Every structure is written in C-alpha cells, then in structure tokens.
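Q: Quick one: this structure, given as structure tokens, is what I'll be asking you about.
The values are calculated or read from the model by the stated rules, or taken from the named source; none is laboratory data. Keep in mind the model is a prediction, meaning the values are calculated, not measured. Here the Cβ is made from the backbone with ideal geometry for all residues, glycine too, and neighbour counts use every protein chain on show. Keep in mind that these areas ignore ligands, DNA and RNA; they rest on the heavy atoms of the full protein, side chains included. Shrake-Rupley method; radii C 1.70, N 1.55, O 1.52, S 1.80 Å.
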Amino acid sequence: MALTRRTVLGSIAAGSALAAVGDTLPAVTPAAYAASPPGDVVGKVTVGYQGWFSCPGDDAPIGGWWHWSRDRFQPPSPGNTTIVSWPDMREYTRGYPTAYPNLGDGRPATLFSSYDQQTVDTHFRWMREHGCDTAALQRFNPFGDEGPTRDAMAAKVRDAAERHGRRFYIMYDVTGWTSMQSQIKQDWTTRMAAYTASSAYARQNGRPVVCIWGFGFADDGRPFAPGPCLDVVTWFKAQGCYVIGGVPTYWRQGVNDSRPGFGDVYRAFHMLSPWMVGRTGTLDGLDWFHANVNVPDLADCAAHGIDYQPCVMPGDLSQGHRRHGDFYWRHLYNMVRLGAQGLYVSMFDEYNEGNQIAKTTETRASTPAGAGIRALDEDGTFCSADYYLRITADGGRMLKGHLALTPVRPTPPVVGDGPPPGTDLARGRPTTASSSLPGYPSPATVDGDPNSYWESANHAFPQWVQVDLGTVGTAGRVVLRVPPSPAWQTRTQTLAVQGSTDGTTWTTLVAEAGRVFDPATGNQVTLTVAASPTRYVRVRFTGNTGWPAGQLSQFEVYAA
C-alpha cells in the first residue's frame, strides 16, 4: 500500500514570530483580486475527505482494519494503531469492537467504517449543517489493492453529496504512485470522469474540478521530475478540467519542502493550495507564515492569474496545538484578511494525524482508558464534540462576508457558552477512586444507569470517588444515589464532599456527616454545596451502616 500519511515530518521553522498576537492583529481589508468568479471552490470552504476507514465485517473489498491499524489484519489497540484522536461515536448506527481498553466510562471501545453508507451520510450531513461547501475526496493510487475500495467510496460520496446538497471533487494524491503519469490519465478516463455528470460534482468556471496533490515535494515518496508533472497538468486541462495543485509550502521559492525547477509546473495550475500541516503549532507561527509566505504567495498568484486556496487547519490535537479553538480561528482569520479566493480545511476526518474537524470525543470518559488519546478538553476547557465544525461554519461566514472580519473567535466551546440549566455536569465525565471492587468500577457512578454502581474495597475506610468536570466552575448541588431496588435497604453513609481546581489541593464543600439513603425516598441524598470554584468533586466515605465500603450508583453535580 502507498504511503498515506501526508504530514512532512520535521516542521520547517517559521523564523521570527510576529509581535502582533491576540486581538491586536489588524483587521486588514484584503486587496481586490479575483482570477475567477465564485464557483464551487472559489469563495467556498472545501474540506479534505479521506473516507479511508474500514473494519472487518463491513464488506469492503480491502478487508481488515484499513487505516485504523498498522497491521490491518489485527484489531486496533494501543500497540497496533495509526490514530491519535478518537471519534465521537454517538451518531453512528454501527460501531465495530476493537482491542482497545473500554472507554473511561466503561463502554466498549468501538470505531466506525467509512464503507458504511450511513457513515458517509452522517459526515455529509455534518458538512451541510456547518457550512462545508465542497469535499475533496482523496484518491491514492487506485491500481493497488485498495483500488476497488476507493472506487466504491467514490460512489458512496457521490450519493451522500447529492442527498445533502454538497459538492465534491476528486483529489489525486500521487504519493508512492510509481506509474502515475500514465495511470492517472487512465483512471480519470475509464473511472472518475463519469462522476462529473453528477449534479453534485464541483465545477469552477464551468469546468469540472480535479486536484493533484504532491507534485514538487522534496521527499522520496514523490520523486517525479518536472516534465512528467507538467504533462499531467496540461493533459487534465485539455480534458476541460479546472485543475488545482496541492503544492509544497515553499513552492514559490523552490526551497525547503519544494524541489527546485518546478516553477512552470506550479504556475500551470488554475488554483494553488499550498500544504501547511506540520509547519507550525503556535499562533506566532501562523502570523509568521501569513506575513512571510501567504502574502507574497497571493501576490505571485495574482500576477499569474492563478486562484489561491490556502490550507487552514484546526491544529494537531495530539500535540496540544488547538488552544480550545484559538489556533484554528487565527488561521481562518489570517487567510480571510489575506484575501484568499477559497479555503481548504485539512482535514475533515483525519483522526490519524489529529487534525480532524469531524466530531471528536469531548472527555476522557469517551476515549479508551489509559490509551493516551487526548479528548477535546485536553487543555482543561470543555468543548462540545461539534466544536470544530461550528468554528468552520463561522469561518465560512467570515470568508463570504456574512460575518465581520474579526481576530476574536466568535464561536464558544459549548453552545450558549455552557451546558443548559439543570444539566448533570458529571454525566459521562472521567472518574477515579481510591479503590474499586472488580465489576464495580467508578465510571458506573456517571453512566446514567441507576442499577450499576461503584463499590470500594471492603473494611478499609476511608475511601473516595471523584469526578473531573473538565473545567473550573461553581457547583451548587450534588445528588448521590445507591440502586433503588428494595434489596438495598436503608443505610447511613458517613461522607463529606470536597472540591479542587487542580486535583491536588482540596477544600471542603459539604462537611462530613451521616447521610441516610432510604428506599422510601429513592435511595437518594441531595446536598447543597458551598459556592467555591471547582473542577474536581470528590465524595469521601468514612462509614456505611449497610455494608463495610463506600457505595454509589449515581454521582450527579449541578451548577450553582
């Protein structure tokens, strides 16, 4: 199988960062320039769509755990994986069991298959709901063993795009494609050109859109000389196509990630989309690229009548680049104030490189326990699973002039800037405990099931169980329960409630006292909490008249 990871390892240094950061950045009105009028890529938000995940049992021709595992014939696990982020699985009708540990809340760790039509439909529905106009369907060498699966995915994407009113186009990635010069023409003529008849196929300037990604990169996976590359671009233009080039970051100078001598190839494209993934992970770095790379790039494109579609990225979640949305918004803002003709978001579903905008797990409670995979709250700010889709929607509005140009991110991490009133802040959140009996883990206290429960080691008081709310807030009420079954007779548990902002230093929110859990009142105890900033809430047990252990089936926390 051809190489599939497109991050160029070893980010190229951005040099001295600009001093302007935060809301001090100037809201520059972009210079008037348009090589082409608005179409399906000019003036639009395009997202890179891999569609390359498969699982045993999904009927995909390739078989196995395609792109989920290094060894695709073995289930993905912490030691056999290609991913660094975990998808939010709540809207998929089918999940496939893996060899990962259970999620933090005790549920089995399952993953989706792109080969399921429902998965593609779900993704394109998200695109429709969040202003993603066009999907660039990635197509690697289709003459190898993944060819039949790639062919089937093209049909699934066409159907979903037609159903959800989105546009799509074929984006060839030439990585590792030895016979690219002849086979890319053959593939287009005999397979992919037929898709341009679809009402959903993207068109620009009246021409069907095709992108070729990888010409001119200075690495062994793309060793092509300028001549064959120029031949391919010229050939596609002769077929009546509008041709986009996915090119190196330093295409204009022919240095660093770009081979020299490709100037004629780059300037033969109708549109250029320079790669940015792996180039920087800081706000200062984005500003440096804007001033020193993007501004002169656009000037060069304007001088040659070429449209400019810069790559924008949410940041690598696994590396902590995202800054709860500020990194992505800075990139969007910089490219819109630049005057870019369109935006290419990298990527929609790239859980392998951690730069996906598709729905992602919010907390450790919905990621495999102990696997080291970061959730969206990795920096302490709770973000809803759809957060980066919502940022994309606002970025698209800014691009199209429906939202004023602003360096200040207008998109809150949670709709309404917080959970709705009456929301149990602990539900599904990560939990820990001083001890747990086998079969009675601490995540049972936040799973919403009144019959599952946590039980500590017996005859070993004191014991405790705690929940991480994900962000510092002010709790106002704690509700504790044991199973409501009549078999759970009245018991008094001696307990206190503690709070902490850092998980290390604790303050008392509710003083220690005996609390009666009575079946006649639902085996429930409600406690008013002393108002104090807290992120971690702990219940500490020192006695239980019904059993020699701490016991809870539900641990609920509500805002003040």
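Q: For the chain, which whole percent of the accessible surface, found with a 1.4 angstrom probe, sits on carbon and sulfur atoms? The partial results should precede the final answer.
A: Values: 10540 of 20210 Å².
That share works out to 52 percent.
Q: Taking the alpha carbon gyration tensor of the chain, what are the square roots of 5 times its eigenvalues, largest first, to the nearest whole Å? Please list the in-between numbers first.
A: Numbers: eigenvalues 496, 134, 72 Å².
Equivalent ellipsoid semi-axes, largest first: 50, 26, 19 Å.
Q: Same structure, new question: Applying the Karplus parametrisation 6.51 cos²θ - 1.76 cosθ + 1.60 with θ = phi - 60° to the phi angles of the range 277-287, what ³J(HN,Hα) value in whole Hz is obtained for each residue in order, glycine and proline being reported as x?
A: After applying 6.51 cos²θ - 1.76 cosθ + 1.60, I find 4, x, 7, 7, x, 10, 5, 4, x, 4, 5 Hz.
Q: So how long is each side of the range 81-152 along the principal axes, counting just the alpha-carbon atoms, biggest first, in Å?
A: 40, 33, 21 Å, listed from the longest principal axis down.
Q: Right, something else. Dipole of the chain (Lys/Arg Cβ +1, Asp/Glu Cβ -1, origin at the Cα centre): which of VAL516, TRP68, ALA559 lies farthest to the positive side?
A: Of the candidates, ALA559 comes out farthest on the positive side.
Q: Quick check on the range 67-189: take the gyration tensor over C-alpha atoms, sort the square-rooted eigenvalues as a ≥ b ≥ c, and tell me if it's rounded (a/c under 1.5), prolate or oblate. Before the final figure, lay out each step's value.
A: Values: a/c = 2.55, a/b = 1.31, b/c = 1.96.
Here the range 67-189 falls in the oblate category.
Q: Identify all lysines with a Cα-Cα distance to LYS44 below 27 Å; exclude those on the same chain that are fewer than 8 residues away in sequence.
A: Those lysines meeting the cut-off are LYS156, LYS237, LYS359, LYS400.
Q: Along the charge dipole of the range 93-133, Cβ charges K/R +1 and D/E -1, which of THR122, LEU111, PRO97 sits furthest on the positive end?
A: Farthest towards the positive end: PRO97.
Q: Over the heavy atoms of GLU91, what accessible area does a 1.4 Å probe trace out, to the nearest 10 Å²?
A: The accessible area of GLU91 comes to roughly 60 Å².
Q: Let me ask another. Would you list VAL84, VAL45 from the most to the least accessible area, probe 1.4 Å?
A: Values: VAL84 45, VAL45 5 Å².
Order by accessible area, largest first: VAL84, VAL45.
Q: Given axes a ≥ b ≥ c from the Cα gyration tensor, I'd like to know whether the range 267-311 is rounded (a/c under 1.5), prolate (a/b larger than b/c) or oblate. Mind dumping the intermediate values first?
A: On the way: a/c = 3.77, a/b = 1.88, b/c = 2.01.
Taking the square roots of the gyration eigenvalues as a ≥ b ≥ c, the range 267-311 is oblate.
Q: Beyond 26 Å, what share of the Cα-Cα pairs of the range 333-460 is found? Please give it as a whole percent.
A: When all Cα pairs of the range 333-460 are counted, 41 percent exceed 26 Å.
Q: Could you report the chain's accessible area per residue, 1.4 Å probe, as an integer in Å²? Don't skip to the end; give the middle numbers.
A: Working: 20210 Å² over 560 residues.
I get 36 Å² per residue for the chain.
Q: Let me ask something else about it. Which value, in Å² rounded to 10, gives the accessible area of PHE140 with a 1.4 Å probe and all protein chains present?
A: Counting only protein heavy atoms, the figure is 0 Å².
Q: Where does each of 335-347, 104-116 land if you order them by average Cβ count within 10 Å, highest first? It would help to have the intermediate numbers written out before the result.
A: Working: 335-347: 24.4, 104-116: 21.2.
The most tightly packed comes first, giving 335-347, 104-116.
Q: Could I ask something else about it? What size of dipole, in debye to the nearest 20, comes out for the chain about its Cα centre when the only charges are +1 on Lys and Arg C-beta atoms and -1 on Asp and Glu C-beta atoms? Before the final figure, lay out the partial values.
A: Numbers: 47 positive and 50 negative charges, 111 e Å.
My answer is approximately 540 debye.
Q: Moving on. Place a +1 charge on the Cβ of each Lys and Arg in the range 248-342 and a -1 charge on the Cβ of each Asp and Glu, then give the dipole magnitude about the Cα centre in debye, rounded to the nearest 20. Provide the component values of the computation, followed by the final result.
A: On the way: 8 positive and 9 negative charges, 19 e Å.
Computed charge dipole of the range 248-342: roughly 100 debye.
Q: Run the 1.4 Å probe and let me know the accessible area of SER273, rounded to the nearest 10 Å².
A: Surface open to solvent at SER273 totals about 10 Å².
Q: Still on this structure, I have one more. Report, in debye and to the nearest 20, how large the dipole of the range 267-419 comes out about its Cα centre when Lys and Arg carry +1 and Asp and Glu carry -1 on their Cβ. Mind dumping the intermediate values first?
A: Numbers: 13 positive and 17 negative charges, 47 e Å.
Around 220 debye, computed over the range 267-419.
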